[in-house]
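**Q** Structure in structure tokens, see below.
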Amino acid sequence: MNKLNKKDIVERILGKQLFEPARFKGVGVAPSNIALCKYWGKRNNDLNLPTTGSLSISLGERGAKTQIQPIDDDSDEIWVNTEKYPLESAFSQNLISCLDLFRKNQKQCYKIETDINIPIGAGLASSACGFAAFIKALDHLYGWELEIAKLSILARLCSGSACRSLWHGFVEWKMGIEDDGMDSHGFPLEYRWPELRVGLLIVNSKQKGVSSRVAMQRSVESSPFYRVWPTLHQKDFLQLKTAIQDKDFLIFGEVAESNAIAMHALMLTSRPPIVYSDSETIILMQKIWEQRALGLPIFFTQDAGPNLKLLFLEKDIEAVSRIFPKMVIIAPFEHQELS
Ligand code: PMV
């Protein structure tokens, strides 16, 4: 059997859907999401099918709003936060290869305008919300009215973690077992935790040097510890889900932090090694551990960038803000509309 590619999956999902715009401009919004139990490694590189499931929390009003319209021109136009983005940039290239999956007429060009209220390419899931908002904008432009699980699959084809950005709150991405990945998409968890806070500690908002795509592939291929990842992950995943259900913050924070550290250990033991942390990142981690030893329940998670996301409860806002005055505080269950 020939291996399925992204275009085959798009065709399966859209079938005979029309590519006649239903309106002048399509609009989509999506929150950013931070994984608490990470996605790191694929069983199918082309379709972004993961080797494990993952679990995330969406960042409320932090995310992306994307507008797309067909234009009568001979190249696409990409705008980010009201600035025209160079088409050669990594962000534009990724967006254009995703757009190409949906371009029925190869000559048809588009203007895509995205407003993102988090730093781009710095491990703050800007690509996740960007691609989820983009897929929703396409659905709106063409009036497909696809069910949300299908939008999640399409978003996954653009960037794995984007499949979790279709919902607010806690979201699980089931790895699925099918070759075509039709069972590998996000779905929302019913649990709410209004007291939960996420603090963004921006160490550096420069674009990362190694993409997460390259880094995860290198970990799969060369870290001697990658083989233990699925087993460890499964244990973390179950513990984390129970902690969310029971609102057991200490277990919740401990598991999320340790899962992130394990993911970075895979990168560090890859050949050549990948290190996303800056020296400032390590200083912050030590500060967090010191404070924890003094009794403050505060944990962190880290993605493919030097920035940390703190996890703490509403009751500790004052104490945590005193230690990290520059932190941006997000209440994931409070503001569930993008501004
Ligand atoms: O979706 P990608 O290819 O940007 O990979 C995301 C990887 C992590 O953010 C590090 C983990 C995750 O589950 O989001």
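The values are calculated or read from the model by the stated rules, or taken from the named source; none is laboratory data. This one's a predicted model, so the numbers in the text were calculated from it and none came from an experiment. FYI the Cβ positions are ideal-geometry reconstructions off the backbone, even for glycines, and counts take in every protein chain you see. The protein model used for the area step is the full one, side chains on, heavy atoms only, and it has no ligands, DNA or RNA in it. Shrake-Rupley method; radii C 1.70, N 1.55, O 1.52, S 1.80 Å.
**Q** Output wanted: per-residue J couplings in Hz (rounded whole) for the stretch 179-184, from phi through Karplus 6.51 cos²θ - 1.76 cosθ + 1.60, θ = phi - 60°, x for Gly and Pro.
**A** So the J values, rounded to whole Hz, are 5, 8, x, 5, 9, 10.
**Q** Search the structure for amide H atoms under 5 Å from the amide H of VAL80, placed 1.01 Å from N in the peptide plane, and list their residues when 5 or more places away or on another chain.
**A** For VAL80, whose amide H was placed from the backbone, the distant partners under 5 Å are TYR85, THR114.
**Q** In a shell of Cβ-Cβ distance under 14 Å around VAL198, excluding VAL198 itself, what net charge do Lys and Arg (+1) and Asp and Glu (-1) give? Write down the numbers at each step before the final one.
**A** Details: positive: ARG62, ARG197, LYS309; negative: GLU61, GLU195, GLU257, ASP303, GLU314, ASP316, GLU334.
So the environment of VAL198 carries a net charge of -4.
**Q** Let me ask you something else. Tally up the carbon and sulfur contribution to the accessible surface of the chain as a whole percent, 1.4 Å probe, everything protein left in place. Spell out each step's value before the answer.
**A** Working: 7930 of 15260 Å².
On the chain, the fraction of accessible area on carbon and sulfur atoms equals 52 percent.
**Q** Still on this model: Using the Karplus equation 6.51 cos²θ - 1.76 cosθ + 1.60 (θ = phi - 60°), what ³J(HN,Hα) coupling, rounded to whole Hz, does each residue of the stretch 95-112 give in order, writing x for Gly and Pro?
**A** For the stretch 95-112, the Karplus-derived couplings read 5, 5, 5, 6, 4, 4, 5, 10, 7, 5, 9, 4, 7, 5, 9, 9, 9, 10 Hz, x marking Gly and Pro.
**Q** Any lysines with Cα under 24 Å of the LYS25 Cα? List them, leaving off those in the same chain fewer than 8 positions away.
**A** Straight-distance partners of LYS25: LYS7, LYS16, LYS65, LYS84, LYS104, LYS107, LYS111, LYS136, LYS150.
**Q** Nearest-5 percent of antiparallel DSSP beta bridges in the chain? Please list the in-between numbers first.
**A** Numbers: 42 of 46 bridges.
The answer is about 90 percent antiparallel.
**Q** Hey, in the chain, which Cys have no second cysteine's beta-carbon closer than 4.7 Å?
**A** Taking the Cβ cut-off of 4.7 Å, the unpaired cysteines of the chain are CYS37, CYS109, CYS129, CYS163.
**Q** Amide H of ARG62 versus every other amide H placed in the peptide plane: which residues, excluding those fewer than 5 positions away on the same chain, fall under 5 Å?
**A** The list, which skips near neighbours in sequence, is SER32.
**Q** If you count only protein heavy atoms with a 1.4 Å probe, what accessible area per residue comes out for the chain, rounded to a whole Å²? Working shown, then result.
**A** On the way: 15260 Å² over 339 residues.
With the other protein chains kept in place, the chain gives 45 Å² per residue.
**Q** Sticking with this structure for a sec: Hey, what number do you get for the chain at 222 nm if only DSSP H runs of n ≥ 4 count, each worth -39500 (n - 2.57), divided across all residues, to the nearest 500? Walk me through the numbers on the way to the answer.
**A** Numbers: 9 runs with 119 residues, N = 339.
It comes out at -11000 deg cm²/dmol, rounded to the nearest 500.
**Q** P(r) of the chain in 10 Å steps, Cα pairs, percent per bin?
**A** The percentages, shortest bin first, are 6, 26, 35, 23, 8, 1, 0.
**Q** If ARG218, ARG43 are ordered by their accessible area, calculated over protein heavy atoms with a 1.4 Å probe, which sequence runs from highest to lowest?
**A** Working: ARG218 60, ARG43 90 Å².
Result of the area sort, largest leading: ARG43, ARG218.
**Q** Residues with beta-carbon under 11 Å from that of ILE298, excluding ILE298: net charge, scoring Lys, Arg +1 and Asp, Glu -1? Mind dumping the intermediate values first?
**A** Numbers: positive: ARG197, LYS287, ARG292; negative: GLU257, GLU290, ASP316.
Local charge sum for ILE298: 0.
**Q** While we're on this one: Among all stretches of the chain without exposed GluC sites (Glu not before Pro) (DSSP loop, at most 13 other Cβ atoms within 10 Å), which one is longest? Numbers along the way, then the final one.
**A** Working: sites that count: GLU88, GLU145, GLU147, GLU178, GLU190, GLU334, GLU337.
Looking at the chain, 191-333 is the longest stretch - no exposed GluC sites (Glu not before Pro) with at most 13 other Cβ atoms within 10 Å.
**Q** Please work out how much length the chain gains when fully extended from ASP46 to PHE225, using 0.36 nm per residue of separation minus the C-alpha to C-alpha distance, in nm with one decimal.
**A** Working: separation 179, 0.36 × 179 = 64.44 nm, distance 2.34 nm.
Answer, rounded to one decimal: 62.1 nm.
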